[in-house]
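All remarks here apply to the structure that follows.
The values are calculated or read from the model by the stated rules, or taken from the named source; none is laboratory data. All values reported here derive from a predicted model rather than from experimental measurement. Don't worry about glycine lacking a Cβ; one is built from the backbone with ideal geometry, like all the others, and counts go over all protein chains shown. Note: accessible area is taken over every heavy atom of the protein model, side chains too, but ligands, DNA and RNA are not part of it. Shrake-Rupley method; radii C 1.70, N 1.55, O 1.52, S 1.80 Å.
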Amino acid sequence: MPKKLSPPKAQLESLKAEISRHDFLYYTKDAPEITDGEYDALFNKLLEIEKSYPELVTLDSPSQRVGGAVLEEFSKLAHRQPMLSLQNSYSIEDIDAFEERARKELKDLAPATFEFFCEPKFDGLAVELVYEAGRLTKAITRGDGLVGEDVTSNIRTIPSVPLKLHSLSRSNSVSEVPELLEVRGEIVMLKDDFRKLNETQVENGEAAFANPRNAAAGSIRQLDPKIAASRPLVLFSYAPGAIEGLKIKSQSEFETTIQGFGLPIAGVSPKDESFEEFKKRIRDSLKKKSRTLGLARIGLGAVEAKLYYDFIQEIRSLLPFDIDGVVIKINDYRLQEDLGFVARSPRWATAAKFPPEQAETILETIEIQVGRTGALTPVAVLKPVKVGGVTITNATLHNQAEIDRKDLRLGDTVVIQRAGDVIPEIVRSRPEKRKPGSMAFTMSPLCPSCGSMAVKPDDEAVLRCVNSSCPAILKGSLKHFVARRAMNVEGLGDKLIDAFVDAGLVRRPSDLYTLTTAKILGLERQGEKSAQNLIDSLEASKKTTLARLIYALGIRHVGETTAKSLASYFAHSEAFLAASEEALLAVPDIGKTMAASISAAIQDGSLRSEIARLNELGVVVDQPKKNEASSNALGGKKYVITGTLPLGRDEVKDLIEANGGIVLSGVSKKTDFLLAGEEAGSKIQKASDLGVEVIDWVAFQKQLAATDS
Ligand code: IVH
């Protein structure tokens with residue numbers, strides 16, 4: 001163990017605050033102040049200190065977002081205040097009726113016009129976050145409204161959920177966080193992230209999610225927090241639960257206040273903003289593809305609320321996330337209190353849902369697309385039809401099994417749906433409208449790009465082209481290689497990549513770094529300025545991180561998170577390229593399938609030669625410092641780990657091994673210690689039956705420190 005140089009605790013606290021500020025700027029504000037590299041450096045520093053001082057690891061540390069121990073089941077937790085739902089209406093006239101009812105109920109107390117707080121109705125999974133003394137202590141699903149499930153360990157992994165509230169609310173006099181703050185909101189998956197996740201699911205031969213809501217809800221319902229950690233989820237907060245130590249007078253004040261605490265909201269509109277200004281602002285931010293939209297609006301009465309409803313419906317498909325209507329709330333909390341509840345819904349709010357977006361059209365043909373992993377994906381080509389204001393011309397069909405299940409035939413009349421999302425899907429066909437003689441559709445086993453015979457791996461639902469020089473695979477790989485989260489080559493779009501491949505200028509990713517302005521100018525429609533810009537951004541992309549490089553190379557099953565684990569474990573590309581399948585299995589988060597896939601990629605010489613060539617062409621990676629806290633403090637003692645510990649299971653295992661201990665999976669007579677965390681199960685009984693000593697985290701820290709002086 002390291003010597004105690006400076007007070008690590010103070011250093012950790014300031015690092016944690018700094019990292020969480022950058023998380024907030026990046027995920028919630030969409031306005032990062034530092035580069036990914038600088039962020040990674042801060043994070044690595046944090047990990048380094050925590051590794052040396054595991055006793056200082058707290059649950060509010062950003063390092064804990066990776067996901068801790070696997071749960072056996074979710075425990076039940078009661079809500080301090082019932083989590084109610086809203087009355088739904090499907091017609092815009094209901095907004096008048098809603099105002100009317102509120103007026104009747106309030107009688108003389110009713111104002112001349114209500115001030116309505118209008119915001120989108122998010123289509124995700126509702127959760128309640130409990131902050132005690134500013135720290136996230138629990139996250140609970142709605143459940144039956146009274147009792148929900150404890151999904152804290154999954155919610156913790158969501159980067160935009162603050163683990164500790166910021167005390168930077170400047171909008172009012174609040175500077176201290178309240179004793180208790182319960183915030184309700186929706187966990188959603190952004191549409192772009194959903195699309196990417198589904199691509200990966202399909203590439204990996206796993207089932208695609210039907211829509212972003214299912215993907216978000218499915219991720220939170222997983223017992224293994226690592227799964228939630230690997231899924232791109234975001235939070236939008238919109239309602240208070242119990243609050244102690246803070247007085248709030250209106251919904252708009254609530255949202256501005258919690259935003260000040262670092263919680264993401266859909267946003268309130270600036271005061272005195274006219275409806276025209278509001279629309280212009282939203283349109284402009286959508287053009288910039290910003291996700292932090294001041295999408296809520298405070299307006300007067302049903303007339304404004306209806307304008308809001310129409311406008312949001314109009315821009316719905318352009319929003320980065322799914323919504324299924326708008327929620328209209330009476331802004332003033334005094335009036336809300338006066339109105340109270342009827343049955344399980346408040347009288348002070350209503351959900352005006354958008355009509356379902358379905359339509360019928362003709363399935364003209366089915367085309368096969370080839371992805372970067374060679375997966376052949378059938379895509380339905382539809383007779384163009386408008387659904388919810390957007391013209392739909394195609395829909396993904398995922399794989400042959402899906403075509404069979406839905407019994408889709410060419411020429412069929414099909415029902416398509418946008419489920420609030422831009423990705424349309426075929427819900428079903430209408431066989432009763434089918435012309436006689438139609439036949440079931442079977443995908444050709446030939447790759448439509450290179451004509452070679454595709455194969456169907458036993459354990460997968462997809463057909464794959466395995467021709468290593470297939471142009472479609474190359475194009476897909478290059479698009480992945482240059483992507484923002486990979487090598488981040490700006491200004492290299494899909495069309496240009498296709499042109500490079502078709503012209504034979506690029507045959508593998510490293511060829512991109514051999515491009516010259518002269519070569520680019522040889523292509524059609526390329527100007528000198530844009531050619532130079534591309535050369536500049538290729539040059540800029542050369543300085544990268546090992547994690548980005550590994551991710552960019554597109555090894556099967558290796559997503560961004562895995563690439564990061566590999567990079568921080570191996571630190572150097574040579575060490576990574578030398579790793580055996582066994583060594584790979586020792587990397588946190590890497591299971592059998594992944595290890596086999598990575599090992600196969602390493603064995604196949606092309607990955608190695610590609611990395612070597614990239615290096616020759618000037619691609620360099622920052623070398624993060626690796627901190628191996630090694631000692632022999634545990635002197636070969638055998639440990640079994642159980643329950644929830646402050647560090648993830650794999651980290652604890654690493655820590656034991658790095659200090660000379662051995663980790664076993666089951667308790668037996670040979671076990672020296674059972675290291676038991678919270679909610680430890682049956683192993684405790686077994687240990688005491690066998691006379692094995694049970695120790696907790698604190699006792700374990702003492703063992704680690706024992707020979708460290
Ligand atoms: S306010 C008393 N605001 O839709 C309930 N809910 O049944 C106050 N939802 O339960 C809820 N977006 O899960 C509110 N902007 C929003 C919302 C929203 C989505 C969900 C929430 C609610 C359900 C309606």
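For this structure, a couple of remarks:
- Residue ID - farthest from Asp193 (Cα to Cα), chosen from residues in the range 292-308 that are within 16 Å of the ligand (Cβ to nearest atom) and either over 29 Å from the mean Cα position of the chain (by Cα) or open to solvent by less than 10 Å² (accessible area, probe 1.4 Å) (or both): Gly299
- For the range 405-422, the set of residues classified as outside any loop (DSSP other than H, G, I, E, B) and at pLDDT below 90 consists of Gln417 only.
- When Glu432, Glu402 are checked against the criterion of being assigned to a helix (DSSP H, G or I), open to solvent by less than 70 Å² (accessible area, probe 1.4 Å) and away from the ligand (no atom under 16 Å from the Cβ), a single residue qualifies: Glu402.
- Flag for Ala352 being aliphatic (A, V, I, L, M), within 16 Å of the ligand (Cβ to nearest atom) and either closer than 30 Å to Asp502 by Cβ or under 28 Å from the mean Cα position of the chain (by Cα) (or both): yes
- The residue that is nearest to the ligand (Cβ to nearest atom), among those in the range 227-252 that are open to solvent by less than 40 Å² (accessible area, probe 1.4 Å) and assigned to a helix (DSSP H, G or I), is Gln251.
- Put simply, of Lys329, Lys289 the only residue that is open to solvent by 10 Å² or more (accessible area, probe 1.4 Å), of a type in the set (Lys, Arg), at pLDDT 90 or above and not in a helix (DSSP H, G or I) is Lys329.
- Qualifying residue in the range 165-182 (condition: within 15 Å of the ligand (Cβ to nearest atom) and at pLDDT 95 or above): yes
- Whenever a residue of the range 344-355 is within 15 Å of Arg316 (Cβ to Cβ), its partners that are outside any strand (DSSP E or B) and near the ligand (Cβ under 8 Å from one of its atoms), lying with C-beta atoms within less than 6 angstrom and at least six residues away or across chains, give the pairs Ala351/Leu86.
- Restricting attention to the range 585-601 and to residues that are β-branched (Val, Ile, Thr) and touching a residue at least 24 places away in the same chain (Cβ under 8 Å), the residue that is most open to solvent (accessible area, probe 1.4 Å) turns out to be Thr593.
- Just one residue in the set Glu524, Glu582, Glu574, Glu539 is open to solvent by 50 Å² or more (accessible area, probe 1.4 Å) and assigned to a loop (DSSP other than H, G, I, E, B); that residue is Glu524.
- Residues of the range 137-151 satisfying the condition of being more than 9 Å from the ligand (Cβ to nearest atom) and open to solvent by 10 Å² or more (accessible area, probe 1.4 Å): Thr137, Lys138, Thr141, Gly143, Asp144, Leu146, Val147, Glu149, Asp150
- In the range 110-129, the residue that is nearest to the ligand (Cβ to nearest atom) out of those that are open to solvent by less than 10 Å² (accessible area, probe 1.4 Å) and of a type in the set (Asp, Glu) is Glu119.
- Across the range 68-109, the qualifying residues are those that are of a type in the set (Lys, Arg) and assigned to a helix (DSSP H, G or I), and the one among them that is nearest to the ligand (Cβ to nearest atom) is Arg101.
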